[in-house]
1. Per residue, how much accessible area does the chain have with a 1.4 Å probe, in Å²?
2. Where Lys and Arg each count +1 and Asp and Glu each count -1, what net charge lies around Leu45 among other residues with Cβ under 12 Å from its Cβ?
3. In whole percent, and with a 1.4 Å probe on the protein chains, what portion of the accessible area of the chain is carbon and sulfur?
4. Which value, in Å² and to the nearest 10, is the accessible area of Val4 when all protein chains are kept and the probe is 1.4 Å?
5. Report which label in [x] 27, 12, 12; [y] 28, 23, 12; [z] 72, 17, 8 holds the value of semi-axes √(5λ) of the Cα gyration tensor in Å derived from the coordinates of this structure.
6. What does the charge add up to near Leu19, with Lys and Arg as +1, Asp and Glu as -1, over the other residues with Cβ less than 11 Å from its Cβ?
7. Among residues other than Pro9 whose Cβ falls under 13 Å from its Cβ, what is the net charge (Lys/Arg +1, Asp/Glu -1)?
8. What 222 nm value per residue comes from the helices of the chain, counting each DSSP H run with n ≥ 4 as -39,500 (n - 2.57) and dividing by all residues, nearest 500 deg cm²/dmol?
Amino acid sequence: MDFVASSLPFLTTDDKQLLLETTAVAERLEQLNKLLAKEIEVQQLRAKIQTEVQDQVQQTQRDYYCASSSRPSTKELGEQDEGQRDIDELRKKIDEAGCPRT
């Protein structure tokens, strides 16, 4: 039991010291069991969070892909974006006003 407790990376030095100071074997095993149960809970929670985050990322990627593939691009529709329309409109006004291009 001492070897197992000493090789567990999640146990703090204080936890290990407390186990070593406990002389009753049954009590020492009970303390170690509680520490192991706590670590199992932490690892299960960590795995759950990781799974949820991964699912959210995948859902976001699917949503983005669906949105971008279902929406035709302005080039496919033969339309210009708003900035290009503004530029063309200004050029037309300049030409109509008779201003020389430089």
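The values are calculated or read from the model by the stated rules, or taken from the named source; none is laboratory data. Keep in mind the model is a prediction, meaning the values are calculated, not measured. We place every Cβ from the backbone using ideal geometry, glycine too, and count neighbours over all the protein chains shown. Please note that ligands, DNA and RNA were not included when accessible areas were found on the heavy atoms of the full protein model with its side chains. Shrake-Rupley method; radii C 1.70, N 1.55, O 1.52, S 1.80 Å.
1. On a per-residue basis, 88 Å².
2. Every neighbour counted, the sum reads 0.
3. Carbon-and-sulfur percentage of accessible area, whole number: 55.
4. Using a 1.4 Å probe on the heavy atoms, I get roughly 70 Å².
5. [z]
6. Net charge around Leu19: -3.
7. Cβ neighbours under 13 Å give a net charge of -1.
8. -26000 deg cm²/dmol
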